[in-house]
Amino acid sequence: MRKRLPSTNALRAFETIMKRKSVKDAADEIFLTPQAVRYQIKMLEELIGCELFIRNGNRLEPTFKATELFGYITQCLDTLEEGLTAVDKDSNKLYLHVSPYYANHILIPRLHSFTEQHPHIDLRISIGAENTDFDTKDIDIAIQWGYGKWSGFQAYPLMDDHKVIAATPDLLQKHPIKSASDLMTHRLISPWVRNTLWLDIFDMLEVDQATLAEEFLYLHDNEAILKATLSGMGVGLVSRPEAIDAITAGDLVAPLGADLLGLLPYHKTPKFYLIRQNNKEESPLVKHFTRWAKRKLKIAEE
C-alpha cells in the first residue's frame, strides 16, 4: 500500500516557496492567496510530521528536512507535468516571441535540450525586438529586452545585457574621445526599443545632454547597431560579447574602457526577461518551458 501522499497544490506551494523564499511571491507565481499557500504548507507539515520553514524577518528559511525534500518534489512535479503533456495533444503547442539577439545567441543554440524532451511539440517562435501583444498574437511566453517593468506581466531576468561604448579606429582618429564630454561631438547609436541607456550614461559620467551635437541614431537590434558602428556611422552601444570580439580583431575601440558600463546600477542595466501574463491559466508545457528556461537559459545574477 502506498503511503498517503500530499496534494499537488501543497507540493507546488512548497516548491515555489523554496525558490522564492517568500509566501507573497510564491502566492503571486502560482495564483493563490498568501493565506492559501500557508494552509497548503501547514497541511504538508502535518502529513510528514515535521516543520519545513522557519520565519526569519520577512523571509522563510527552509529546515534541513525541507532542503532534503526539495529535490524529490521538484523531480516529481516535473515528471507529472511531462506525462500530462505527452498525453494531451492540444497542450503540445508552444508559441514564443523572442528578441533577435537572445533568440540567435542564447535560445536557439540551447533549444534542442528542450525539444528532445517533447518530440511532438508544435513549437512556433517569432523573432522581434518590439514588445508584443500576447492576446492578439496568441503568444504563451515572450523573452524581451528591457528593465523588467511590464504592467500585467511577470518578468524574470535571464541575462544581463552589458553594453560597450565603441567606435572604429578611423572615426576616433578624426574625432578622438579622450574624456566623457568628447562623446557629445559624435552621433550616438542607440537601441530603438524604449530605454534610458544613454541618458543614464550621461548622468553617470556627469555630462550635459544639451551639449550633444547630433541627434541619436536609433536601430532595431544589436546586429544593426554593431554593423552601423563598424561602418563608422557613429559611436554605438554594442553588446559586450560582440564588442569584445570586434575590439580584439582591431575593428572597434572602446575609448572609455570596455568595462565602463558595468558601473551602471543594477536596475539601470537592461536585461533579457522571460515574460508571462499574470492570472492566466497555463498549460503544463508552458510551465515546463518556464522552469527549463530558468535552469538552462539563466545567465544573469538576480
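The values are calculated or read from the model by the stated rules, or taken from the named source; none is laboratory data. Everything numeric in this text was worked out from a predicted model, so none of it was measured. Glycine also receives a Cβ, built like all others from the backbone with ideal geometry; neighbour counts cover every protein chain displayed.
Please go through the stretch 154-189 and pick out each residue that is under 19 Å from the mean Cα position of the chain (by Cα) and within 14 Å of Val238 (Cβ to Cβ).
Asp161, His162, Lys163
Tell me, please, whether a residue that is crowded, with 19+ Cβ neighbours inside 10 Å and more than 24 Å from the chain's Cα centre (by Cα) can be found in the stretch 195-203.
Scanning the stretch 195-203 turns up at least one residue that is crowded, with 19+ Cβ neighbours inside 10 Å and more than 24 Å from the chain's Cα centre (by Cα).
Per-residue answers, yes or no, for (1) at pLDDT 90 or above; (2) loosely packed, with under 14 Cβ neighbours inside 10 Å:
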| residue | (1), (2) |
| --- | --- |
| Leu264 | yes, no |
| Tyr273 | yes, no |
| Lys280 | no, no |
| Pro284 | no, no |
| His288 | yes, no |
| Trp292 | yes, no |
| Glu301 | no, yes |
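In contact with a Lys or Arg (Cβ under 9 Å, 6 or more places away or on another chain), over 17 Å from Gly257 (Cα atoms) and touching a residue at least 40 places away in the same chain (Cβ under 8 Å): is that true of Met159 in this structure?
yes
Please enumerate the residues belonging to the stretch 160-179 that are of a type outside the set (Asp, Glu) and part of a helix (DSSP H, G or I).
Pro169, Leu171, Leu172, Gln173, Lys174
Is there any pair linking a residue in the stretch 1-25 that is within 11 Å of Met43 (Cβ to Cβ) to one that is part of a loop (DSSP other than H, G, I, E, B) and among the basic types (Lys, Arg), with Cβ under 8 Å and at least six apart or on different chains, and which?
As it stands, the answer is none, since no pair meets every condition given.
Of everything in the stretch 140-190 that's polar (S, T, N, Q) and out of contact with any strand residue (DSSP E or B) (no Cβ under 9 Å at 6 or more places or on another chain), which residue is farthest from Tyr266 (Cα to Cα)?
Restricting to residues being polar (S, T, N, Q) and out of contact with any strand residue (DSSP E or B) (no Cβ under 9 Å at 6 or more places or on another chain), the top hit is Gln173.
Take Asp122 and tell me if it is surrounded by fewer than 16 Cβ atoms within 10 Å (Cβ to Cβ), outside the structural domain of Ala228 (by TED's automatic domain parsing) and either over 16 Å from Val235 (Cβ atoms) or in contact with a helix residue (DSSP H, G or I) (Cβ under 9 Å, 6 or more places away or on another chain) (or both).
Criteria met by Asp122.
Aliphatic (A, V, I, L, M), free of Cβ contacts under 8 Å to residues at least 60 places away in the same chain and at negative phi: does that describe Leu219?
Criteria met by Leu219.
Hey, among the residues in the stretch 1-59 that are surrounded by fewer than 17 Cβ atoms within 10 Å (Cβ to Cβ) and touching a strand residue (DSSP E or B) at 6+ places or on another chain (Cβ under 9 Å), which one's modelled with the highest pLDDT?
Ranking the qualifying residues of the stretch 1-59, first place goes to Ile54.
Could you look through the stretch 29-51, keep only residues that are in a loop (DSSP other than H, G, I, E, B) and either over 30 Å from the mean Cα position of the chain (by Cα) or of a type in the set (Gly, Ala, Ser) (or both), and pick out the one that is nearest to Lys280 (Cα to Cα)?
Glu51
Of all residues in the stretch 221-277, count the ones that are more than 25 Å from Lys149 (Cα to Cα), of a type in the set (D, E, K, R) and in contact with a helix residue (DSSP H, G or I) (Cβ under 8 Å, 6 or more places away or on another chain).
Of the residues in the stretch 221-277, 2 are more than 25 Å from Lys149 (Cα to Cα), of a type in the set (D, E, K, R) and in contact with a helix residue (DSSP H, G or I) (Cβ under 8 Å, 6 or more places away or on another chain).
I'd like the residue in the stretch 227-243 that is among the hydrophobic types (A, V, I, L, M, F, W, C) and within 22 Å of the chain's Cα centre (by Cα) and, out of all such residues, is surrounded by the most Cβ atoms within 10 Å (Cβ to Cβ).
Filtering first and then ranking leaves Val238.
Report yes if Trp192 is aromatic (Phe, Trp, Tyr), within 16 Å of Val164 (Cβ to Cβ) and under 26 Å from the mean Cα position of the chain (by Cα), otherwise no.
Taking the combined requirement at face value, the residue does not satisfy it.
Restricting the stretch 117-148 to residues that are among the aromatic types (Phe, Trp, Tyr) and not in a strand (DSSP E or B), which is modelled with the lowest pLDDT?
Within the stretch 117-148, the match that is modelled with the lowest pLDDT is Phe134.
Can we say Ser283 is over 18 Å from Asp161 (Cα atoms), in contact (Cβ under 8 Å) with a residue 24 or more places away in the chain and in contact with an Asp or Glu (Cβ under 9 Å, 6 or more places away or on another chain)?
So Ser283 passes the test.
Is at least one residue of the stretch 86-101 at pLDDT 90 or above and in a helix (DSSP H, G or I)?
Checked against the condition, which is being at pLDDT 90 or above and in a helix (DSSP H, G or I), the stretch 86-101 yields at least one hit.
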